[in-house]
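Asker: I have a structure I would like to understand better, so I am pasting it below and will then ask my questions one at a time.
None of the figures in this text is laboratory data; all of them are computed from the coordinates on show. What you are looking at is a predicted structure, and each value in this text was computed from that prediction instead of being measured. Cβ coordinates were reconstructed from backbone atoms using ideal geometry, including for glycine residues, and neighbour counts include every protein chain displayed.
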Ligand SMILES: Cc1cc2nc3c(=O)[nH]c(=O)nc-3n(C[C@H](O)[C@H](O)[C@H](O)COP(=O)(O)OP(=O)(O)OC[C@H]3O[C@@H](n4cnc5c(N)ncnc54)[C@H](O)[C@@H]3O)c2cc1C
């Protein structure tokens, strides 16, 4: 009798939103997963409040998109205000403008997301161990020995892993153990972050208000339910304790929030950093362990979710022996430039909106008026698309169609298959697939050796392909286009 080879678990270090999503993506690919966190309980404090529809593709493949939508709220857009809170420009999101069938931007309370991820981990039967800290890693041939210390007792034990994902946040232990370092892409920026609840809904527009005042840059936004977020840049020498009581009430008054309950007020240092090395052997980094971004384009968590969405299928391929370990080289090669582009964009947007001295104010006013007046530029300001992945072994951007589509996400279009309406992701399945034109209003999907013709309900896929002069696109398991022609 021959027995099946037993694959050791993939150890995911850190049960924050990125690690939890990674564990779900791996478990849904049939891999044994061990999720470790040194904390006994989730912190319960909100940080991220915004997620775009591209990052939602990762939550969808993790099986939690519908639950996420149930606890989040569409975000209406961005309103830029001057120091006296007069509107400089407004960029509204049109409902239904997104290409993935969801709002282009959603507002949410991070503990709600973490709670539903925990429930999904239970549902998928993922082994989660809290209060266990990873303290050492030793690489073997095709495996990694992970040394774990129990926080309560200090007792240590070793776990053999087929791969290790370091999703252990900004002060990552795994990053240090694999010899990687953060590289600065900008200066640190100190902000006061205030979470509020209001018994009576505040009379504010349901979008992000950005106060473009170099003297006191600030942001105010409704989150979800009765929750609101206010953030203000701290001045040199000032700390969070200086902005309490009447000082804080004065900053909140323009939004009608002076009487709202302050749930917490804390100082955060926002950094612009990306790691210089994403992998050693079978140990890989993702999430805040690999990058930290200023908050201006709301991409910290979004970047992390993209990291693990684009990594999970590669981990599955390597640990099951379907691909060699060199596939892991593509992780940093793809994620590094993408993360650096978004971190630099966030730093630039921050400077444009809140930087400069008094002299920058009239320039900003003139430029914003011009941008808001040109619909194409205004649409760009609210577009949720992130930069395409750079060319590489898994992104072939040759040819006109390849240049337009490879490295971007296939739209999550509505299709009708055998009379039932669904989304293209349901037809693409978990592997690589080919989407091709198949006559008027019809698209053929070849996945797992099987060809299925579907109706392109809104014409979105036909339009997407023909707009790039493509007849077909090869789509990777993470919904990224590998090649088109
Ligand atoms: C004020 C603020 C506002 C933000 N707003 C947004 C936003 O609107 N949109 C957005 O996309 N992002 C935003 N972000 C960023 C976002 O919150 C983070 O990018 C995201 O939470 C990081 O998730 P993570 O899972 O990578 O890390 P974390 O949530 O930090 O999780 C890491 C986990 O690893 C565990 N751990 C650490 N070391 C070990 C070890 N040695 N062994 C075992 N476990 C370990 C920790 O206990 C922790 O639970 C914001 C951040 C801040 C601070």
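Asker: In the stretch 398-425, which residue that is without any contact (Cβ under 8 Å) to a residue 12 or more places away in the chain and surrounded by 14 or more Cβ atoms within 10 Å (Cβ to Cβ) is farthest from residue 306 (Cα to Cα)?
Answerer: So the residue we want is 422.
Asker: Go through the stretch 153-193 and count every residue that is free of Cβ contacts under 8 Å to residues at least 40 places away in the same chain and over 23 Å from residue 312 (Cα atoms).
Answerer: Restricting attention to the stretch 153-193, the residues satisfying the condition of being free of Cβ contacts under 8 Å to residues at least 40 places away in the same chain are 153-158, 171, 176.
Still in the list and also over 23 Å from residue 312 (Cα atoms): 153-158.
Matching residues across the stretch 153-193 total 6.
Asker: Of all residues in the stretch 438-451, which are over 31 Å from the mean Cα position of the chain (by Cα) and within 13 Å of residue 415 (Cβ to Cβ)?
Answerer: Initial filter on the stretch 438-451 (over 31 Å from the mean Cα position of the chain (by Cα)): 438-442, 449-451.
Those that are over 31 Å from the mean Cα position of the chain (by Cα) and within 13 Å of residue 415 (Cβ to Cβ): 438, 441, 442.
Asker: Would you check which residues across the stretch 64-95 are part of a loop (DSSP other than H, G, I, E, B) and touching a residue at least 12 places away in the same chain (Cβ under 8 Å) and list them? So that I can check it myself, show each step before the final result.
Answerer: At the first step, the residues of the stretch 64-95 found to be part of a loop (DSSP other than H, G, I, E, B) are 64, 71-72, 75-76, 82-86, 93-95.
Passing the criteria: 64, 71, 72, 75, 76, 82, 83, 85, 93, 95.
Asker: For residues that are surrounded by fewer than 18 Cβ atoms within 10 Å (Cβ to Cβ), more than 11 Å from the ligand (Cβ to nearest atom) and in contact (Cβ under 8 Å) with a residue 24 or more places away in the chain, scanning just the stretch 124-142, find the one that is farthest from residue 361 (Cα to Cα).
Answerer: Filtering the stretch 124-142 for residues that are surrounded by fewer than 18 Cβ atoms within 10 Å (Cβ to Cβ), more than 11 Å from the ligand (Cβ to nearest atom) and in contact (Cβ under 8 Å) with a residue 24 or more places away in the chain, the one farthest from residue 361 (Cα to Cα) comes out as 142.
Asker: Moving on to the next point. Whether any residue in the stretch 281-288 is out of contact with any strand residue (DSSP E or B) (no Cβ under 8 Å at 6 or more places or on another chain), more than 13 Å from the ligand (Cβ to nearest atom) and within 26 Å of residue 163 (Cβ to Cβ) is what I want to check. So that I can check it myself, show each step before the final result.
Answerer: If we filter the stretch 281-288 for residues that are out of contact with any strand residue (DSSP E or B) (no Cβ under 8 Å at 6 or more places or on another chain), which is where we start, we get 287-288.
Checking the rest, the ones that are also more than 13 Å from the ligand (Cβ to nearest atom) come to none.
No, because not a single residue in the stretch 281-288 is out of contact with any strand residue (DSSP E or B) (no Cβ under 8 Å at 6 or more places or on another chain), more than 13 Å from the ligand (Cβ to nearest atom) and within 26 Å of residue 163 (Cβ to Cβ).
Asker: Separate question: Considering each residue of the stretch 251-280, count those that are near the ligand (Cβ under 10 Å from one of its atoms), surrounded by fewer than 17 Cβ atoms within 10 Å (Cβ to Cβ) and more than 30 Å from residue 199 (Cβ to Cβ), and give that number.
Answerer: Going through the stretch 251-280 one residue at a time, the tally reaches 1.
Asker: If you scan the stretch 305-347, which residues turn out to be farther than 17 Å from residue 30 by Cα and free of Cβ contacts under 8 Å to residues at least 12 places away in the same chain?
Answerer: Step one: filter the stretch 305-347 for residues farther than 17 Å from residue 30 by Cα, giving 305-307, 324-347.
If the condition is that a residue be farther than 17 Å from residue 30 by Cα and free of Cβ contacts under 8 Å to residues at least 12 places away in the same chain, then 324, 326 are the ones that fit.
Asker: Another question, then. List pairs: first in the stretch 264-283 and under 25 Å from residue 230 (Cβ atoms), second near the ligand (Cβ under 10 Å from one of its atoms) and in a loop (DSSP other than H, G, I, E, B), Cβ under 6 Å, 6+ apart or cross-chain?
Answerer: 270/294; 272/294
Asker: Can you pull out every residue in the stretch 88-101 that is closer than 22 Å to residue 209 by Cα and either touching a strand residue (DSSP E or B) at 6+ places or on another chain (Cβ under 6 Å) or buried (at least 21 other Cβ atoms within 10 Å of the Cβ) (or both)?
Answerer: Within the stretch 88-101, 88, 89, 90, 91, 92, 93, 98 qualify.
Asker: In the stretch 16-50, which residue that is under 16 Å from residue 302 (Cα atoms) and within 6 Å of the ligand (Cβ to nearest atom) is surrounded by the most Cβ atoms within 10 Å (Cβ to Cβ)? Show your work before the answer.
Answerer: Going through the stretch 16-50, the residues under 16 Å from residue 302 (Cα atoms) turn out to be 16-22, 25, 46-50.
After this cut, where a residue has to be within 6 Å of the ligand (Cβ to nearest atom) as well, the list is 16-19, 47-50.
On the way: 16: 25, 17: 24, 18: 29, 19: 27, 47: 17, 48: 19, 49: 27, 50: 22.
So the residue we want is 18.
Asker: A further question follows. Could you list, in sequence order, all residues of the stretch 162-203 that are in contact with a strand residue (DSSP E or B) (Cβ under 9 Å, 6 or more places away or on another chain), closer than 23 Å to residue 27 by Cβ, assigned to a loop (DSSP other than H, G, I, E, B) and within 11 Å of the ligand (Cβ to nearest atom)?
Answerer: Of everything in the stretch 162-203, those that are in contact with a strand residue (DSSP E or B) (Cβ under 9 Å, 6 or more places away or on another chain), closer than 23 Å to residue 27 by Cβ, assigned to a loop (DSSP other than H, G, I, E, B) and within 11 Å of the ligand (Cβ to nearest atom) turn out to be 167, 168, 172.
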